[in-house]
Amino acid sequence: MLTFIARRLASGVILLITISVVAFLLLYAGGGDIARRLLGEDASPATVAQKAHELGLDQPLIVQFGTWLSGAVRGDFGTSWFTSQPVSDAILSRLSVTLSLVFGATLLIAVVSVVLGVLAATRGGIVDTIVQVLSLIGTAIPGFLIALGLVLVFAINLGWFKPTGYVQFADSPAGWLGSITLPVIALSLGGIAGVTQQIRGSMLDSLRQDYVRTLRSRGISPRSVILKHVLRNAAGPALAVLGVHFVGLLGGAVIIEQMFAIPGMGQVAVTATSQGDIPLVMGLVLATAVLVVLLNLVVDLAQGWLNPKVRLS
């Protein structure tokens, strides 16, 4: 198991370095005259040159990347060019907000998908048809349309939730739950459809295996066969799909946060990208990549626990 974890960590580090190099080159190569863009077109050449020197933009690109990387390893991602706030502070202040949405949506996807997938695979008939139709609808409708529908029905017409805004958990747990309910539902419906289909398909394959018939012939209850054996075998592929959806949720959170006026990383990413705040964008890219690497490690460990063959592959 330790060798398995070491391999996954090594591949994760290589991935982070690759993403950092590519993102750095793309941002700085396409940034144009960054110092003049920061100061405005009316700035004199001497002022622009001084600003470029202050930011280290007059150094070779490899030196700039080495300086940024050495700071990033220590947790110092530099300072925002527009707010003068440390990048790490700007990210950490918004990270908990985005994670509350993404992890909430991931948990909702996992729970609902297991229930629907098990029902569709074991009951069949009209239940399976209904689940299939609902999954198709959930996949076809864009998340922003779902968000608009939820706001119109549950926030404006019924008044059960506030249409926009975010409440910190420390200020009011009930208010926090109310502020993330609609965004989490809007963010998760597409994922529920995909993971439900994966669980249904994997369970149908498992139910056709000889070991299931053997377990049933020994008098083991159908509930025990489904929950302890079939569902465990189907959980591995479903975890992989859930991990893919987690990455999609990080991207989808950008739109959802804008629609619900939630001050998360998505809101910062949109502002920083539009302004050309490269240090902040680099910090956001690396923070997102770290989250993805950590999640993939958790998924790999879970799959290795569910299926020992994965640890040997």
The chain pair-distance distribution - Cα-Cα, 10 Å bins, rounded %: 5, 21, 25, 23, 15, 7, 2, 1, 0
Candidates 20, 179, 93, ranked by Gaussian network fluctuation over the chain, Cα under 10 Å, top entry: 93
Relative contact order (%) - criterion: Cα under 8 Å, at least six apart; region: the chain: 26 percent
The range 94-275 - percent relative contact order, Cα under 8 Å, separation 6 or more: 35 percent
Cut-off under 5 Å, modelled amide H: who pairs with residue 79 long-range: 87
Selection from 24, 9, 96, by position along the positive dipole direction of the chain (Cβ): 9
Candidates 296, 157, 233, ranked by Gaussian network fluctuation over the chain, Cα under 10 Å, top entry: 157
Over the chain: helical MRE at 222 nm, DSSP H runs n ≥ 4 each giving -39500 (n - 2.57), nearest 500: -25500 deg cm²/dmol
GNM result for the chain, Cα springs below 10 Å: residue of 281, 111, 293 fluctuating most strongly: 111
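Suppose every Lys and Arg Cβ carries +1 and every Asp and Glu Cβ carries -1, with no other charges. What dipole size does the chain come out with about its Cα centre, to the nearest 20 debye? Please list the in-between numbers first.
Values: 19 positive and 14 negative charges, 366 e Å.
Around 1760 debye, computed over the chain.
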Nearest-0.05 FRET efficiency for residue 74 and residue 115, computed from C-beta distance (R0 51 Å): 0.65
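Read-outs: derived from the displayed coordinates by stated rules, not from any lab. Worth saying up front: this structure is predicted, and the values here are computed from it rather than measured. Neighbour counts run over all protein chains shown; Cβ positions are idealised from the backbone, glycine included.
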